Protein chains: 2
Amino acid sequence: PKKLKSKVVDTMKKTKKIGKDDPRRIVHAMKVGLALTLVSLFYYLRPLYDGFGQAGMWAILTVVVVFEFTVGGTLSKSINRGFATLLAGALGVGAEYLADFCGEKGEPVILGLMVFFLATAATFTRFFPNIKRKYDYGVLIFILTFSLVAVSGFRVPEIFELGHQRLSTILIGGATCIMISLFVCPVWAGQDLHNLIAGNIEKLGAFLEGFGGELSIYLGEESTTGSSKDGEKSFLRDYKSVLNSKASEESLANFAWWEPAHGQFMFHHPWKQYLTIGALARECACLIQALNGCINPKSQPKVVSEIQTKIQQSCIKISIESGQALKELSSSIKKMMFPSPAAVSHVQDCKAAADDLRNILQTTSLPTESDLQEIMPILVTASILIDIINCVEKISLAVHE
Amino acid sequence: PKKLKSKVVDTMKKTKKIGKDDPRRIVHAMKVGLALTLVSLFYYLRPLYDGFGQAGMWAILTVVVVFEFTVGGTLSKSINRGFATLLAGALGVGAEYLADFCGEKGEPVILGLMVFFLATAATFTRFFPNIKRKYDYGVLIFILTFSLVAVSGFRVPEIFELGHQRLSTILIGGATCIMISLFVCPVWAGQDLHNLIAGNIEKLGAFLEGFGGELSIYLGEESTTGSSKDGEKSFLRDYKSVLNSKASEESLANFAWWEPAHGQFMFHHPWKQYLTIGALARECACLIQALNGCINPKSQPKVVSEIQTKIQQSCIKISIESGQALKELSSSIKKMMFPSPAAVSHVQDCKAAADDLRNILQTTSLPTESDLQEIMPILVTASILIDIINCVEKISLAVHE
């Protein structure tokens with residue numbers, strides 16, 4: 001009983017956390033409940049029930065299957081479902097009509113063959129990446145409806161009535177979903193994608209800015225390391241989520257493609273550009289991960305030579321400037337504007353600092369007494385930072401749309 | 001018409017390529033066709049049809065929705081569907097029974113409220129990561145069945161008969177899918193996951209081995225660069241797919257969890273371990289990407305000093321040894337054995353080479369005339385390679401299970 005109690009408390013806590021993390025989830029759950037209750041009116045209001053009979057079931061089925069978290073998801077599924085049902089229904093009636101000519105015995109054979117070939121062909125098209133991305137659900141419904149219609153064994157006139165009933169209930173179900181997801185606290189996939197990308201770039205910026213601070217600790221005041229690191233550590237780990245965001249970015253971009261104009265987004269918003277920026281951000285995160293490996297307290301040099309300090313100075317500058325540039329870019333994405341002059345100037349400053357660094361490296365020769373082992377981490381850091389600048393520049397160009 | 005023709009030819013080519021890339025796709029499509037044709041026998045064979053009537057529809061619906069590419073996918077969906085239908089059906093009958101007490105007018109209100117609350121609660125549970133991973137489809141079917149039963153407005157005895165019919169047709173549909181996906185050229189998610197991980201590690205190994213060759217070109221014979229690079233480039237890009245394999249690894253691991261023992265895999269095969277190895281492989285790929293940025297022909301130094309050659313020698317050694325170690329690890333994963341002594345000795349050799357490198361760095365001081373700019377790329381390479389060794393070691397430990 002004690003175990004059970006702690007488990008229940010645990011679950012309660014988790015539930016609360018999930019709800020708090022994104023309150024839209026609770027709203028979404030209630031929207032589904034509302035849509036289902038509305039649709040079940042078909043059964044309760046007898047006049048309607050008499051008109052549609054058992055077909056009202058299809059409205060419920062449609063609502064449960066079609067209602068997605070984002071507007072784009074709901075739209076894509078309902079539109080897919082509607083068109084696939086229409087097309088497959090028409091084809092099914094045609095098949096039935098054809099099979100009618102073949103007599104009592106030939107009919108099942110012909111229909112069976114047609115179901116086999118169409119199902120095989122349609123299933124195979126689901127492996128095409130283009131179709132998988134946008135019309136996967138439509139193909140599924142196509143197979144389902146065609147088999148149901150072709151196989152139902154009714155004569156043609158009956159089928160028309162059945163088809164009419166089913167189609168209209170599916171339409172009613174789909175329309176209910178679309179209305180509710182559009183007008184009751186809509187969750188736009190496009191907006192989510194937009195925020196995700198801007199947030200990712202901001203995380204990268206926060207890391208680079210914070211990394212500048214870490215660097216100065218690395219060679220400078222060693223005593224403060226222990227205490228200050230704990231507070232900063234959060235943004236030193238945040239960037240990791242950027243590495244794994246590819247899948248959610250892609251599904252959001254797919255859904256966003258289906259959404260009508262909303263908020264600041266036009267109808268033909270360049271969603272693909274977001275994917276490009278996302279890919280660049282991931283590349284940058286990759287470099288950051290490599291960077292993270294360079295600076296660990298173990299490799300802290302005992303003697304700090306003059307050249308180390310010089311290199312370190314420009315590294316800190318590059319790191320902080322590029323971090324600020326990314327933050328500016330992120331905020332200009334958020335505001336949907338061209339990158340502000342501040343962002344451009346930060347990128348320029350970065351480049352200037354990198355040039356300085358190159359100069360230092362080229363002109364200064366090492367004092368012979370210091371060994372390479374000691375100087376290596378800072379050199380590696382410098383080199384990776386230069387790569388990161390390239391990346392930041394590319395992102396800045398991509399943000400220009 | 002010309003455009004159309006070229007489009008048709010294009011599509012044909014694509015179709016052929018998709019089929020060739022993985023012939024199991026064609027087999028899968030035919031399996032779906034077969035399952036559907038078998039199930040539609042319900043309609044054609046009149047004795048059966050008389051027994052089940054319209055409920056035969058549910059068998060077709062189940063087949064279309066449940067049949068997945070892998071055995072694990074099909075099993076997970078059918079089991080989810082079966083249990084969810086049972087549970088929701090029982091609850092629905094209970095709700096109906098309760099509502100019966102409330103009289104003609106209270107009944108719809110009570111039922112409507114129950115549908116609303118259960119649908120809201122169930123939809124919310126779909127946001128729990130654990131449930132989303134394994135039981136997402138089950139929850140969906142639960143909502144669907146409960147609403148259908150609670151709302152259908154029949155009296156209780158009728159419901160039992162209807163439920164019996166529906167459940168048995170769903171079972172028949174599910175069983176058909178399971179049988180066909182188990183016994184007709186089964187596609188095991190576990191096997192796929194196994195191959196994916198082993199293949200990814202092999203790709204990393206191939207890159208590192210090839211990178212050793214690139215390195216020797218980098219400082220050595222410059223003349224051959226142009227010609228030999230084209231041939232080698234394929235494995236210099238292959239590693240990129242490793243970076244993006246997280247999503248497919250996770251879904252395969254989920255499906256593999258549902259699969260019974262098959263081939264060399266026991267029932268409680270440690271699928272999670274594969275995810276750990278996969279994550280390490282991705283980390284390694286990230287480092288490799290950073291490595292790839294270091295060596296570009298532009299930064300090729302004009303003067304090759306003695307120390308550069310020394311460092312380069314050990315870099316090449318590390319690169320090739322670690323590549324071979326990864327290849328050995330990959331083949332021992334493939335054979336499901338503990339890492340062979342060869343793998344262990346390659347890892348040892350790597351470490352020895354890294355120690356050598358450290359020694360070189362520690363003892364040799366730079367000749368004052370060479371500048372840092374020139375020596376930097378090779379230093380960075382060395383440093384990242386040392387990180388990669390750590391990564392390889394971790395992978396090797398993880399493979400030990």
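Readers should treat all values here as calculations from the given coordinates under stated rules, not as data from a laboratory. Model, not experiment: these values are computed from the prediction. Note that each Cβ is placed from the backbone with ideal geometry, even for glycine, and that neighbours are counted across all protein chains shown.
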Worksheet item: For the residues A:102, A:284, what sequence is obtained by ranking on other C-beta atoms within 10 Å, fewest first?
Response: A:102, A:284
Worksheet entry | Distances in nm from residue A:109 to the matching label points in the other copies, shortest first (labels 7 Å along Cα to Cβ) | 6.2
Worksheet item: How many Cβ atoms of partner chains, on average, are near each residue of A:142-149 if near means within 10 Å of its Cβ?
Response: 5
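Using 0.36 nm per residue, how much length does the chain from residue A:4 to residue A:133 gain when fully extended, once their Cα-Cα distance is taken away?
42.1 nm
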Worksheet item: Between copies, how far does the label point of residue B:213 sit from its twins, in nm, shortest first, when each point is 7 Å from Cα along Cα→Cβ?
Response: 4.8
Discussion item. Going through the cross-link list B:17/B:240; A:77/B:272; A:203/B:272; A:272/A:334; A:246/B:17; B:246/B:351, which pairs have a Cα-Cα distance over 27 Å in this structure?
Written reply: A:77/B:272; A:203/B:272; B:246/B:351
Worksheet entry | Cα gyration tensor category, rounded, prolate or oblate, for segment A:130-193 with a/c compared to 1.5 | oblate
Worksheet entry | Inter-copy spacing of residue B:23 label points, which lie 7 Å from Cα along Cα→Cβ, given in nm from shortest upward | 5.9
Practice prompt. In whole Hz, with x marking every Gly and Pro, tabulate ³J(HN,Hα) for segment A:322-331 from phi via Karplus 6.51 cos²θ - 1.76 cosθ + 1.60, θ = phi - 60°.
Written response: 5, x, 5, 4, 4, 5, 4, 4, 4, 6
Worksheet item: What ranking of B:69, A:83 emerges when the number of other C-beta atoms within 10 Å of each C-beta is taken as an exposure proxy, fewest first?
Response: A:83, B:69
Fill in: Separation in nanometres of the label points that stand 7 Å from Cα toward Cβ, at residue A:105 and residue B:262
4.1
Worksheet entry | Shape of segment A:167-207, Cα gyration tensor, a/c cut at 1.5 | prolate
Discussion item. Can you tell me the length gained on complete extension of the stretch residue A:240 to residue A:86, counting 0.36 nm per residue apart and subtracting the Cα distance?
Written reply: 50.9 nm
Worksheet item: Distance in nm between label sites at residue A:184 and residue B:41, each 7 Å beyond Cα in the beta-carbon direction?
Response: 4.5
Discussion item. What is the ratio of the Cα radius of gyration of segment B:95-203 to 2.2 N^0.38 Å, with N the residue count, to two decimals?
Written reply: 1.58
